[in-house]
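K.L.:
Quick one: structure below, then a few questions.
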Amino acid sequence: MCVPGGAFWMGNPRIDVLDAKEADGKSERAVVLSPFFLDRVEVTVAAMRAARVARVLDDPVEGGAGRPECVYTADPGPNDDLPVNCLSWQRARAYCAKVGKRLPTEAELEYVMGGLASRPFAWGADPPTCADAVHG
């Protein structure tokens, strides 16, 4: 799908990830994005397997092998229609290259996750609740 371009404040002055300096507002910056494309749905386990870029017990980690939350399996199974998880950035990039796409930039991802605005969450600025998302 086409995501319209726009301007937003990237970063969140309320989040202190690295040190106290990050919470002083100096890490936030105005970003202007051109329109870009983003898949409407997540990549499934079956699609990842079909691309032949994943390896079991590397990343993604095969579910049940010490990481039961990881859904990827080398052989077809009940997880095939689920979004693939437990991927490294490198493995996700390899998949995108294989299918003629690219990963979103950090700015593009933050823009989409903030609901195309300068919000910490797609639903607004309030902390997540069960009514907003599965979070944890």
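The values are calculated or read from the model by the stated rules, or taken from the named source; none is laboratory data. Bear in mind that the values here come from a model prediction, so they are computed numbers and not experimental data. A quick note on method: Cβ atoms are made from the backbone with ideal geometry, for glycine too, and the neighbour counts reach across all protein chains shown. With ligands, DNA and RNA removed, areas are computed over all heavy atoms of the protein, side chains included. Shrake-Rupley method; radii C 1.70, N 1.55, O 1.52, S 1.80 Å.
K.L.:
Output wanted: per-residue J couplings in Hz (rounded whole) for the range 88-99, from phi through Karplus 6.51 cos²θ - 1.76 cosθ + 1.60, θ = phi - 60°, x for Gly and Pro.
P.N.:
7, 4, 5, 5, 5, 5, 4, 4, 4, 4, 5, 9
K.L.:
Need one value: the accessible area of residue 103 in square angstrom, 1.4 angstrom probe, rounded to the nearest 10.
P.N.:
Rounded to the nearest 10, the figure is 50 Å².
K.L.:
Excluding ligands and nucleic acids, what accessible area in Å² is computed for residue 112 using a 1.4 Å probe, to the nearest 10?
P.N.:
50
K.L.:
Rounded to the nearest 10 Å², what accessible area does residue 89 show when all protein chains are kept and the probe is 1.4 Å?
P.N.:
140
K.L.:
Lys and Arg at +1, Asp and Glu at -1: add these up for the other residues within a Cβ distance under 13 Å of residue 6 and post the number.
P.N.:
-1
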